[in-house]
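The values are calculated or read from the model by the stated rules, or taken from the named source; none is laboratory data. Everything numeric here is computed off the predicted structure, so don't read it as measured data. With ideal geometry, Cβ positions are generated from the backbone for all residues, glycine too; neighbour counts draw on all protein chains shown. Side chains are part of the model used for accessible areas, which takes the heavy atoms of the whole protein and leaves out ligands, DNA and RNA. Shrake-Rupley method; radii C 1.70, N 1.55, O 1.52, S 1.80 Å.
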Amino acid sequence: MLTIKAMVKKDGLRVDRTYNVKLSFTYNRKVKRLSTSLFATADDLTKSLDFKDGTPIKRKVDKLVESYREMCDKLQVDANNYTLDEILEMLKADEERHKPVDFIQFCQWWISTTTIKGKKNYQSAVNAFIAYLGTDHLEASKITASVINKMSLAAIKRKR
C-alpha cells in the first residue's frame, strides 16, 4: 500500500531559518522523498518537527498530500503492481501535462530549432507580438480572437 506523508528533515534548516517541506512516498518498504515549494518556519512546527494544527502551512500541506493521494488513486497502484520509481515518474508526467503552455516561449524554441528559409519572418512576427503585449510570456489558453484582432488593428494604425 502506498502512503504519502509530509515532513521536514531535522537537518534541513536553511539559512533563512525555514525548512523545506518534503513529501515522503512509501511503497513496498521503499521510500522516496520529493521536495515541494512549501517552506515551514519554527513557528509552524512542534518540537518534534510535526506540523502544528491550525497553521496555514498545515492546511497547504494537507491539501497537497490529498491531491497526490487522489492522483495515485487514479493510477490504481496496487492493482497495477507499479514500482515506486514508476509511480513517481507518472506523477511528474501528470504534473507536466497540467502545466500551461507558454506560447511565446514555444515560438522562440521552434524558431531556434527550425531549418525553414522564412524563419526571420516568424521571428519578426513574434517580436512584434512581444512588443504589442509588453511581455515575453503568454499562456496559450489566453490567446483569443480579440487579442489577435486588437494586435492587427494596432499594426494597421502603426502603418498609417
Original post:
Restricting the first residue to the stretch 33-54 and requiring it to be in contact (Cβ under 8 Å) with a residue 40 or more places away in the chain, which pairs with a second residue that is of a type in the set (A, V, I, L, M) and assigned to a strand (DSSP E or B) meet a Cβ separation below 8 Å and a spacing of at least six or different chains?
Top reply: 34/23; 49/7; 51/6; 51/40; 51/45
**OP:** Count, please, the residues in the stretch 107-120 that happen to be in a helix (DSSP H, G or I) and surrounded by 11 or more Cβ atoms within 10 Å (Cβ to Cβ).
**Re:** 6
Original post:
Considering only residues of the stretch 132-155 that are in a helix (DSSP H, G or I) and open to solvent by 80 Å² or more (accessible area, probe 1.4 Å), which is nearest to residue 99 (Cα to Cα)?
Top reply: 141
**OP:** Please state which of the following conditions residue 73 fails to meet, knowing it meets all the rest: (1) under 24 Å from the mean Cα position of the chain (by Cα); (2) surrounded by 13 or more Cβ atoms within 10 Å (Cβ to Cβ).
**Re:** (2)
Original post:
Just one of 69, 29 is touching a residue at least 24 places away in the same chain (Cβ under 8 Å), within 17 Å of residue 3 (Cβ to Cβ) and either out of contact with any Leu (no Cβ under 7 Å at 6 or more places or on another chain) or acidic (Asp, Glu) (or both); which is it?
Top reply: 69
**OP:** Mind counting the residues in the stretch 47-57 that are open to solvent by 50 Å² or more (accessible area, probe 1.4 Å) and under 13 Å from residue 8 (Cβ atoms)?
**Re:** 4
Original post:
Does the stretch 1-25 hold any residues that are of a type outside the set (Gly, Ala, Ser) and either under 16 Å from residue 59 (Cα atoms) or open to solvent by less than 40 Å² (accessible area, probe 1.4 Å) (or both), and which are they?
Top reply: 2, 4, 5, 7, 8, 18, 19, 20, 21, 22, 23, 25
